[in-house]
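The structure under discussion appears below in the form of structure tokens.
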Amino acid sequence: MRNETWAAVLISRAGLRLIERLRAHKVFDLWIPDRLRNAVLPSMGSTHIYNGPLKDLVRDKFHAYDHWIFVMSVGAVVRLIAPVLRNKYSDPSVTVLDDAGHYAICLLSCHGRGGNQATYDVAKILQAIPVITTGSESLGVPALDMIGKEWEWSLDPSTTIPVMSRMMLDNEPIGVIQESGPLHWNYRDYFASRLYDSWTSVPKPVMDEMKGWIWITHRHVPPPDTTGNKPILIYHPKVLSVGIGFSRNTPPEDFEQLLVQTFTEHHLAVDSVAQLATIDIKQGDLALRTFATSHGWPVVYFSAKELNTVVLHQATHNPHVFHVTGAMAVAEPAAILAAQGGDLIVRKVKSERVTMAVGLLNALG
């Protein structure tokens, strides 16, 4: 998980005293007006001076950070950020502090971008009162868009969240189908009595009772007819490892083409890919690195000896591959090893230059 970036901006000397207290516990870029240049302490870390209107700074830098702290009035912050807002999924979170440090207010992106937690963190350091206005926190019900956040699960683009969030606030029953992924995630205990490992394991009375579903799956298939067209929120956990073998000078588009073909034919979700895996003699291959980078996936490498430790009945033996690489096979054993011994759910498929196989990470307790 990448490190999140923070920025703080203030317009008064009183705000500097708050920032000094925060800097002892948290790393962030500080933006101050030129007139406060001489008031900054040398120990206050990365400090930037802005000239001209603050609205210009916000316009240019707002989306360069994950979290913002503004030390000023809520009204002033609303007017500053209003012209640059995009949507709840890409806008950074905003926490507002009063000059005296009495309150820490989550103003923007409180759920999806972690603003509530950022506000709690800041309030704890300053011994301020956190002001959280989102319904799920105030009523003690799960925030649906935060499920699996610590595991970086992908949420299918959907208009279902507002509908199901209202259902949660109204205490409507929502069930969970978890087919894959870690067994510990945000709010799992809340749904424990309504959690099943497959659609077929749900008793009919329960299926009829539930008003909506959360579906945690590595598959890309339509929900069964038994759901009765009830709203479904789909999460894709990072549980698939794609083992790859390939010839020298393979272009990146060859990887992409076989991936799309394989995942389409086997009804798998590309968003569930955790990593690519191959033999270590392919380290430094530019095409593979380009393909992986385009998706934001890491690549793990295994030696021929490691690949050969995978028992033969799990991986297809290829004499030509053994002659060239010293490994009896690459794609299948690489997928299994990268999935930490999980199931091989797609055996080797191949194009002219590339072979692929897919492993599924076992559920983590």
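What the table below lists for this structure:
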{"quantity": "Meets criteria (assigned to a strand (DSSP E or B), open to solvent by less than 20 Å² (accessible area, probe 1.4 Å) and modelled with pLDDT of 90 or more) for Ala277", "calculated": "yes"}
{"quantity": "Selection within the range 224-271 - buried (at least 16 other Cβ atoms within 10 Å of the Cβ), at pLDDT 95 or above, of a type in the set (Ser, Thr, Tyr) and assigned to a helix (DSSP H, G or I)", "calculated": "Thr262"}
{"quantity": "Residue match in the range 298-312 (condition: surrounded by fewer than 18 Cβ atoms within 10 Å (Cβ to Cβ), in contact (Cβ under 8 Å) with a residue 40 or more places away in the chain and over 16 Å from Glu332 (Cα atoms))", "calculated": "no"}
{"quantity": "Test set (1) at pLDDT below 90; (2) on the phi < 0 side of the Ramachandran plot - Ile69 fails condition number", "calculated": "(1)"}
{"quantity": "The range 15-49: number of residues that are over 23 Å from Gly115 (Cβ atoms), modelled with pLDDT of 85 or more and not charged (D, E, K, R)", "calculated": "5"}
{"quantity": "Among the candidates Ile11, Ile32, Ile81, Ile69, residue that is touching a Gly at 6+ places or on another chain (Cβ under 9 Å) and either over 21 Å from Tyr120 (Cβ atoms) or in contact (Cβ under 8 Å) with a residue 24 or more places away in the chain (or both)", "calculated": "Ile32"}
{"quantity": "Residue within the range 190-203 that is closer than 27 Å to Ala338 by Cβ and either under 26 Å from the mean Cα position of the chain (by Cα) or at pLDDT 95 or above (or both) present", "calculated": "yes"}
{"quantity": "Ile105 being open to solvent by 40 Å² or more (accessible area, probe 1.4 Å) and in a strand (DSSP E or B)", "calculated": "yes"}
{"quantity": "Scan of the range 177-223 for residues that are surrounded by fewer than 17 Cβ atoms within 10 Å (Cβ to Cβ) and in contact (Cβ under 8 Å) with a residue 60 or more places away in the chain, ordered by number", "calculated": "Leu183, His184"}
{"quantity": "Selected residue [closer than 30 Å to Ile161 by Cα, of a type outside the set (Asp, Glu) and at pLDDT 90 or above] from Lys55, Lys61", "calculated": "Lys61"}
{"quantity": "Some residue of the range 64-74 being more than 18 Å from Trp31 (Cβ to Cβ) and surrounded by fewer than 17 Cβ atoms within 10 Å (Cβ to Cβ)", "calculated": "yes"}
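Rundown of residues vs (1) modelled with pLDDT under 90; (2) open to solvent by 20 Å² or more (accessible area, probe 1.4 Å); (3) acidic (Asp, Glu); (4) part of a helix (DSSP H, G or I), yes/no style:
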position	(1), (2), (3), (4)
Tyr89	yes, yes, no, no
Val94	no, no, no, no
Ala118	no, no, no, yes
Lys124	no, yes, no, yes
Thr133	yes, yes, no, no
Glu150	yes, yes, yes, yes
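The values are calculated or read from the model by the stated rules, or taken from the named source; none is laboratory data. None of these values were measured; they are calculated from a predicted model. Note that we place each Cβ from the backbone using ideal geometry, even for glycine, and neighbour counts take in every protein chain shown. Surface accessibility is based on the protein's heavy atoms, side chains included, excluding ligands, DNA and RNA. Shrake-Rupley method; radii C 1.70, N 1.55, O 1.52, S 1.80 Å.
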